Every structure is written in structure tokens, then in C-alpha cells.
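Report on one structure; see the data block that follows.
The values are calculated or read from the model by the stated rules, or taken from the named source; none is laboratory data. No experiment lies behind these values; they were computed from the predicted model shown. FYI the Cβ positions are ideal-geometry reconstructions off the backbone, even for glycines, and counts take in every protein chain you see. Just so you know, the surface numbers come from the protein's heavy atoms only, side chains and all, with ligands and any DNA or RNA stripped out. Shrake-Rupley method; radii C 1.70, N 1.55, O 1.52, S 1.80 Å.
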Amino acid sequence: MIPLVVIRPEPGCSATLSTAREMGLKSFGLPLFKIEPRSWEAPAPDSFDALLLGSANALRHGGKDLAQYARMPAYVVGEATAIAARAAGFILSMTGSGGLQAVLDKAVHPRLLRLAGEDHIALEPPKGITLTQRIVYASQHLPMSPELAKLLTSPAAIMLHSAAAARHFAAECQRLGVDRSQLSLAMIGPRVADEAGSGWRCSACADEPSDHALLALARRLCQTGVS
């Protein structure tokens, strides 16, 4: 069985690593990103009916201005974000499992405020829905550590949770001359695959955009090296 490498930022890295080890996978957590807050202008709460949240990072790094939206309904992309939203005092209107656009398509509140990261997916509001967006956090790229570079000199499977992760990981591999042909990529969706490029031993997408599905794929890759 080849090792699994998790490069997502904390605290997600530790959460994924813990689950992977519970699954019996030899796993290493070596983040290539650090989440940082961004200053933002909070619009008047009475201008909106609900929030749209694509990441728990918006709640972790949104700052003191988030408090004025407390008790407002929230549409969230998945269970991790739902847990953070409940803890912050928001009322959940919907918890998705197939991406943020699918959540937005089912929204019933007409005026939504989206709190997002600098690197985010463009969304198309359905008819009758207006969407206002604020950037509240950013993902800072980190250089590949010597420990990670050494680990990648042997076959390994790497989990990629975003298109930005795929771009940065591929760029760092190229910068350091890492041999892609012995690395297998477990990716959360097709948009991630588009950014990862070619030359890998194997690159495959999870059945759905969730950490659970991505870990299931990662386990297969660790066992066989291919999907």
C-alpha cells in the first residue's frame, strides 16, 4: 500500500488525516496552504434574507462583522460548513452534498449574501435570486517542504480538494523536478482535474464533491496506485 499525502490547509488537514488513519491508511499531513482573513465591508443585514457559504473558512476568518448576521438562515455546501454555521448561531436552510451551485439552485430566499474566499467558483443565480458577494478570506500558497519533496520521491497518492490546490501542487512539483509518473491524484471534482495537468501515474475524481467520497477514492489509489 502506498502512502497518502494530505496538503489542504488546517484545520481541514488534521481532520482528513485523522479519518484517513482510522481507515487504516498510512497518511501524512503536509499543508501547502495557509488560510488568512481578508478585510471586507459588511453590508447591512436587512439587505439580505440568507447567507450562502461554500466553506467553513468563511466563518472561521470572517471576523467580528459576522455577528450581525447571527440567526440569519444559511445555505451551506456540506456538513463541515454546517457544523461551523450552527456553532456560529446560524439557522440552516439547506446543507448540500453536490457543490455550491446545486445548493444555490434550490434556494428559496430571494436575496443572498455569499461569503467566499479569494479563489472561488463562479455561480449563476437562478431566476428570482440576487446574489451579493464578499471576499472574507484567502488561501496563501506555501512552498513544498523538504519533507514532502522527499516523500514524493517514492510512489504516493495525493488528495486535492480544490482547483487552486491542483495548480499549486503541480507547479511545486515542476519547480522541484518531482517525478509525476509515480504519483496518483485523488481529486474532488472535474474542475480540479483540469488544473492538475497530465503526466501523473493516475488521476481520478471522487464520485461526489465531499471529503467522504474523496477519502474512499484515496483508499483505492493507496491500495492499487490506480483508480
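Scanning for something in contact with a strand residue (DSSP E or B) (Cβ under 8 Å, 6 or more places away or on another chain), under 26 Å from Ala213 (Cα atoms), free of Cβ contacts under 8 Å to residues at least 60 places away in the same chain and part of a loop (DSSP other than H, G, I, E, B), does segment 63-76 turn up at least one residue?
no
Restricting attention to segment 41-62, which residues are within 12 Å of Val76 (Cα to Cα), open to solvent by 30 Å² or more (accessible area, probe 1.4 Å) and outside any loop (DSSP other than H, G, I, E, B)?
Across segment 41-62, there are no qualifying residues.
Matching residues to (1) touching a helix residue (DSSP H, G or I) at 6+ places or on another chain (Cβ under 7 Å); (2) aliphatic (A, V, I, L, M):
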position: Pro37; (1), (2): yes, no
position: Ala50; (1), (2): no, yes
position: Asn57; (1), (2): no, no
position: Tyr75; (1), (2): yes, no
position: Gly78; (1), (2): no, no
position: Leu100; (1), (2): no, yes
position: Val103; (1), (2): no, yes
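Return the total of residues in segment 1-40 being open to solvent by less than 50 Å² (accessible area, probe 1.4 Å), under 24 Å from Tyr75 (Cα atoms) and more than 17 Å from the chain's Cα centre (by Cα).
1
Taking the residues in segment 108-124 that are under 15 Å from the mean Cα position of the chain (by Cα) and assigned to a strand (DSSP E or B) as candidates, determine which candidate is surrounded by the most Cβ atoms within 10 Å (Cβ to Cβ).
By that ranking, first place goes to Leu115.
Looking only at segment 8-23, which residues are in contact (Cβ under 8 Å) with a residue 24 or more places away in the chain and closer than 21 Å to Thr224 by Cα?
Within segment 8-23, Thr16, Thr19, Ala20, Met23 qualify.
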